[in-house]
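S.K.: Quick one: structure below, then a few questions.
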Amino acid sequence: MHMMVELFGWQRYAHKHYESRFTRFFEGYWLPTKFGYDKRRAHFSSVILTQQMTREEALRKIEQPAYDAETIAGDFEYVATKLDLSVRELRDLMNGPNKTYRDYKNNMAFIALGTKVLRLLGAQRGIIR
């Protein structure tokens, strides 16, 4: 790893997929804050199973925010700009009601029907939710 740092300027990121500012914001702030879903749980689970971390270490890390308030503020502004929104508009979305695909016009009934037909024919084994 030292060689990678020396030769290529490689740097370790705090969490899986945090090399992208948008992904860091989405996984580290938006999902846990707005929806109560912390993707670190799944990642830490696999790391525990491979004995790279203990369950106790994972629980301690989960209690801490994924990243610091200053970085979140900068990423909030960055993401708002990328989405062509003002920071105020993005905050309004964050503080607004949670929505799912069911709140919008979609083809889920058609997909469910097609899945049932394919399953009856033995061509579809996966579960589509």
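S.K.: With angles folded into 0 to 90 degrees, how steeply does helix 69-82 sit against the dominant principal axis of the chain? Use alpha carbons for both and round to 10.
M.R.: 50 degrees
S.K.: Another question, then. Mind checking the angle between helix 108-120 and the chain's longest principal axis? C-alpha axes, 0 to 90 degrees, to the nearest 10.
M.R.: Long axis of 108-120 versus the principal axis of the chain: about 70 degrees.
S.K.: If you don't mind, there's one more thing I want to ask. Counting only protein heavy atoms and using a 1.4 Å probe, what share of the accessible area of the chain belongs to carbon plus sulfur, as a whole percent?
M.R.: Heavy-atom surface of the chain belonging to carbon and sulfur, 1.4 Å probe: 56 percent.
S.K.: Lys/Arg Cβ at +1, Asp/Glu Cβ at -1, dipole of segment 49-129 taken about the Cα centre: which of VAL87, GLN51, TYR101 is farthest positive-ward?
M.R.: Going by the charge dipole, the pick is TYR101.
S.K.: Relative to the Cα centre, what is the charge dipole magnitude of the chain, using +1 at the beta carbon of each Lys and Arg, -1 at the beta carbon of each Asp and Glu, and rounding to the nearest 20 debye?
M.R.: Magnitude of the dipole: close to 880 debye.
S.K.: Enter the Cα centre distance for the pair segment 38-63 and segment 65-104, rounded to the nearest angstrom.
M.R.: Taking the Cα centre of segment 65-104 as reference, the centre of segment 38-63 is 26 Å away.
S.K.: Lys pairs in the chain, Cα-Cα under 24 Å, at least 8 apart or on separate chains: how many?
M.R.: Taking the chain as the scope, the lysine pair count is 13.
S.K.: Find the accessible area per residue for segment 23-70; the probe is 1.4 Å, ligands and nucleic acids are left out, and the unit is Å².
M.R.: Spelled out: the 1.4 Å probe surface of segment 23-70, per residue, equals 69 Å².
S.K.: Any idea what angle helix 40-49 forms with the longest principal axis of the chain, computed on alpha-carbon atoms, 0 to 90 degrees, nearest 10?
M.R.: Helix 40-49 sits roughly 80 degrees off the main axis of the chain.
S.K.: For the chain, what does the equivalent ellipsoid look like in terms of its semi-axes, each the square root of 5 times an eigenvalue of the Cα gyration tensor, given largest first in whole Å?
M.R.: Here the semi-axes work out to 33, 25, 16 Å.
The values are calculated or read from the model by the stated rules, or taken from the named source; none is laboratory data. Please read these numbers as outputs of a predicted model, since none were measured by experiment. Glycine also receives a Cβ, built like all others from the backbone with ideal geometry; neighbour counts cover every protein chain displayed. Areas reflect the complete protein model, heavy atoms only, side chains present, ligands, DNA and RNA absent. Shrake-Rupley method; radii C 1.70, N 1.55, O 1.52, S 1.80 Å.
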